[in-house]
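Remarks on the structure that follows.
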Amino acid sequence: MQKIIPHLWYDTEAKEAALFYISLFDQSKLIDTTIIEGTPSGDAEMVSFQLAGQQFMAISAGPFFKFNPSISLMVACSTKEEVNAKWAALSDGGSELMPLDEYPFSKWYGWIQDRYGLSWQLMLVEEGADAQKITPNLLFSNQVSGKAEEAVTYYCSLFQDAKINLISHYAEGEAQSPNAIVNYAGFSLNGIELSAMDNAFDSDFNFNEAFSLIVNCDDQNEIDYFWDKLSVVPEAEQCGWLKDKFGVSWQIVPANMDEIMYHGSKEEVQRVTEAFLKMKKLDLQTLEQARLGNQGILS
């Protein structure tokens, strides 16, 4: 199972968006859809899907969070024609952030925000395009501009299988923002490639819950470990969600979340859901007791 899964928040369009993205990539498919009843925003639809062999998840849960360029998906394209084709599809109803052009770091590159608000960086990669196709990119802006290297180092310290592949710095005068230091950092966490950079420009957006990272945990001890290491914003803690010291949102959940939440009768699922919605950090024993009907333990 993929240890870290990108998670996307939509108002009502999660499945529609997932199907659109699936149409753009080979080795892509819809895995599952599930309705969670009785959440604070009503019935929410969870969507699990695969893009280019990588697992993603999305949720339709109301208009509470909006995508912005603070986290984007960087796509390694093997030909200029592939860049152009994906750009044409994503630009339909979307908006251009950086035009398709030749840049010092790529012979053909563009940054686009699609019709749903999600940001994509399309890049011609002539060597290594057969590696991970889609890489989540963290853009450190405003109060956390200049923190990209610190964040990458910290994240790599938390995971057993982690490494920093590359850190590149802005040349003098290259960044307009005086705080920006890193123009690109590549790193991996449990086999998933990610990247980070400090925003070279002043901006008015920050990390938010629209784009979060799920960590699939083996047991309660691992849930406790990541929760203790990452959560620093108590008011953001809810149903396994947290925010770290850089503002990035994570979901710390059991790897068998679906089995825990949806195994059993309708009454059992309802009891588990009710217990789950009351939690901040997830307590697996309490969820199992709720499934079995031991309501007294929840009071």
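Data overview
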| read-out | value |
| --- | --- |
| Cross-chain or 6+ apart pairs with Cβ under 6 Å, region 76-89 first and open to solvent by less than 30 Å² (accessible area, probe 1.4 Å), then assigned to a helix (DSSP H, G or I) | 77/83 |
| Selection from region 34-52 of residues that are open to solvent by 60 Å² or more (accessible area, probe 1.4 Å) and touching a strand residue (DSSP E or B) at 6+ places or on another chain (Cβ under 8 Å) | 35, 37, 43 |
| Given (1) open to solvent by less than 30 Å² (accessible area, probe 1.4 Å); (2) part of a strand (DSSP E or B), index of the condition residue 117 fails | (2) |
| Flag for residue 55 being free of Cβ contacts under 8 Å to residues at least 60 places away in the same chain, touching a helix residue (DSSP H, G or I) at 6+ places or on another chain (Cβ under 9 Å) and surrounded by 15 or more Cβ atoms within 10 Å (Cβ to Cβ) | no |
| Residues being more than 17 Å from the chain's Cα centre (by Cα), within 24 Å of residue 197 (Cβ to Cβ) and of a type outside the set (A, V, I, L, M) - total across region 225-272 | 1 |
| The one condition in (1) in a loop (DSSP other than H, G, I, E, B); (2) open to solvent by 60 Å² or more (accessible area, probe 1.4 Å); (3) of a type in the set (Ser, Thr, Tyr) that residue 203 fails to fulfil | (2) |
| Test result for residue 138, within 20 Å of residue 21 (Cβ to Cβ), touching a residue at least 60 places away in the same chain (Cβ under 8 Å) and part of a strand (DSSP E or B) | yes |
| Tally of residues being without any contact (Cβ under 8 Å) to a residue 40 or more places away in the chain and assigned to a strand (DSSP E or B) across region 33-52 | 11 |
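For every residue, the table says whether it meets (1) touching a strand residue (DSSP E or B) at 6+ places or on another chain (Cβ under 9 Å); (2) closer than 30 Å to residue 67 by Cβ; (3) without any contact (Cβ under 8 Å) to a residue 12 or more places away in the chain.
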residue: 236; (1), (2), (3): yes, yes, no
residue: 239; (1), (2), (3): yes, yes, no
residue: 243; (1), (2), (3): yes, yes, no
residue: 250; (1), (2), (3): yes, yes, no
residue: 265; (1), (2), (3): no, no, yes
residue: 273; (1), (2), (3): yes, yes, no
residue: 277; (1), (2), (3): yes, yes, no
residue: 288; (1), (2), (3): no, no, no
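Results for (1) modelled with pLDDT under 95; (2) on the phi > 0 side of the Ramachandran plot; (3) surrounded by 17 or more Cβ atoms within 10 Å (Cβ to Cβ), shown as yes or no for each residue.
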residue: 147; (1), (2), (3): no, no, yes
residue: 150; (1), (2), (3): no, no, no
residue: 164; (1), (2), (3): no, no, no
residue: 172; (1), (2), (3): yes, no, no
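The values are calculated or read from the model by the stated rules, or taken from the named source; none is laboratory data. Keep in mind that what you see is a predicted model, and the values were worked out from it rather than measured. Using ideal geometry, Cβ is built from the backbone for each residue, glycine included, and neighbour counts are taken over all protein chains shown. Heavy atoms of the whole protein, side chains included, go into the accessibility calculation; ligands, DNA and RNA do not. Shrake-Rupley method; radii C 1.70, N 1.55, O 1.52, S 1.80 Å.
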